[in-house]
Each structure stands twice: as C-alpha cells, then as structure tokens.
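Rule-based calculations on the coordinates, nothing more; no lab input. These numbers come from a predicted model, not from an experiment. Don't worry about glycine lacking a Cβ; one is built from the backbone with ideal geometry, like all the others, and counts go over all protein chains shown.
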C-alpha cells in the first residue's frame, strides 16, 4: 500500500527523474524504463538544463 497522496505514476516519474539526475544518459533511461527518446530527453533536460542546447527561434 502506498502512502496517502502517492500514486504509482508519480512514483515512477520520481524514479526516472532521480536516475536522470544521477546518470544523465538518455539511452540508459530508455532501456531501464522503456520510455521514448523524446521522453528521455525531457527528463535529462529537466535534470541537467545546462546540457540543453539553446537554439535560436
């Protein structure tokens, strides 16, 4: 049983973000959690914004 206010989706997102903070490797995230490239890059960009290229718009 999960603590009150904790969801499985929230717990999964927390684990993915924690792994992104630790390793910063989108390929590892994709393999470990079965997520898409876009999702993995979103987590890495959130965890390490300094690694995100700033493209002109």
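Pairs are defined by a Cβ separation below 6 Å, a sequence spacing of at least 6 or placement on different chains, a first member in segment 40-55 that is at negative phi, and a second member that is part of a loop (DSSP other than H, G, I, E, B) and surrounded by fewer than 17 Cβ atoms within 10 Å (Cβ to Cβ); the pairs so defined are 44/24; 45/52; 48/24. What do you reckon, is residue 35 assigned to a loop (DSSP other than H, G, I, E, B) and surrounded by 11 or more Cβ atoms within 10 Å (Cβ to Cβ)? Criteria met by residue 35.
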